[in-house]
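Note sheet for the following structure.
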Amino acid sequence: MERESGSGAQVWILAETDYRFGAGELRIVVSSVDWSQPHVLDGESWYDVRGTEVTADGRVIGPRQTMVKASRLNGARKRPD
């Protein structure tokens, strides 16, 4: 997963193998990750992610909900203060 910063919003770029369900690379501005209910699929943990899908040039496609591999969310989890 890569991250890009544009006009203040951080865009996560996910490879097709790092999220479910869709085809091709996904660009998403993440608004939330549901850390409370991981899904285990094929021996890996996945988390529900909500956000806004955007194009490579920053145009908004619309709301998006998907599942993302836990291994691709490293560092994204909020740490307690």
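Every residue in the range 9-38 that is of a type in the set (Val, Ile, Thr), part of a strand (DSSP E or B) and farther than 14 Å from Gln65 by Cα, please.
Result: Val11, Ile13.
Mind listing just one residue for me: the one in the range 39-57 that is assigned to a strand (DSSP E or B) and among the β-branched types (Val, Ile, Thr) and, of those, nearest to the chain's Cα centre (by Cα)?
Checked the range 39-57; the qualifying residue nearest to the chain's Cα centre (by Cα) is Val49.
Return yes or no: is Val54 among the β-branched types (Val, Ile, Thr), under 17 Å from Gln10 (Cα atoms) and at pLDDT 95 or above?
Yes: the conditions hold for Val54.
The values are calculated or read from the model by the stated rules, or taken from the named source; none is laboratory data. Here the structure is a predicted model, which means the values were calculated and not measured.
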